[in-house]
Structure formats: C-alpha cells, structure tokens
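Chemist: Right, I'll just put the structure down here and ask away after.
Bear in mind that the values in this text are calculations on the coordinates, not laboratory data. As the structure is a prediction and not an experimental result, all values here were calculated from the model. Cβ atoms come from the backbone with ideal geometry, glycine included; neighbour counts cover every protein chain shown.
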C-alpha cells in the first residue's frame, strides 16, 4: 500500500516537472535523425521523450515481472516436492 502511494507521488512529481519544463521551453527546435531533420516545439520533444522513457521502463518492468513469476513457479514446485524428499530421507535413515 505504501509502495503504491510512493509510486503515485513520484509519478505526480514527474508530471508536474514535465509541465513546468514544457511551459518554460516553448521555442521550436530542429530534431536531427538518421535520414533528415524536422522542426517541432520543444514541448513536444520533452513530452515525447518522457513517453518513450515510460514505455521503456514498462517493458523493463514487464520482463522482470515475468522472470520473477517464473522463479516463483519453480520455487513452488520445489516446495511441493520437499515433503516427499523428507519422507524418503526418513525411511533411508531408519534402514
């Protein structure tokens, strides 16, 4: 619960900072890329960069989440096999 609140506060701070920076940087800039260039307001460059960063962070989090789910599945399987292992060891010790 606390982690969600901190995430929400962090997100709000990023949004506020982006809005402030966007309003302070209204001039047009030239964006150069591999095959050419184009002009656009700096506001759009800032917001576009923020959105690209959010997408990249989401994808990184998604891959981490999937690997953690896989690890949990493996650990649950291992945990379910432990009683059988313990019984086998007990019978081996009794012999």
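Okay, residues lined up against (1) out of contact with any strand residue (DSSP E or B) (no Cβ under 7 Å at 6 or more places or on another chain); (2) loosely packed, with under 10 Cβ neighbours inside 10 Å:
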site: 18; (1), (2): yes, no
site: 21; (1), (2): yes, no
site: 26; (1), (2): no, yes
site: 32; (1), (2): yes, yes
site: 36; (1), (2): yes, yes
site: 60; (1), (2): yes, no
site: 77; (1), (2): yes, yes
site: 85; (1), (2): yes, no
site: 92; (1), (2): yes, yes
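Chemist: Against the definition (surrounded by 10 or more Cβ atoms within 10 Å (Cβ to Cβ) and under 15 Å from the mean Cα position of the chain (by Cα)), how does residue 53 come out, yes or no?
Modeler: yes
Chemist: Here is a follow-up. Taking the conditions exactly as written (surrounded by 10 or more Cβ atoms within 10 Å (Cβ to Cβ) and either more than 20 Å from residue 18 (Cα to Cα) or within 25 Å of the chain's Cα centre (by Cα) (or both)), does residue 73 satisfy them or not?
Modeler: Judged against the criteria, residue 73 is a match.
Chemist: Is it true that some residue in the stretch 77-89 is within 22 Å of residue 18 (Cα to Cα) and in a helix (DSSP H, G or I)?
Modeler: no
Chemist: Residue by residue through the stretch 38-50, note down the ones that are part of a strand (DSSP E or B) and surrounded by 10 or more Cβ atoms within 10 Å (Cβ to Cβ).
Modeler: Residues satisfying the conditions are 40, 41.
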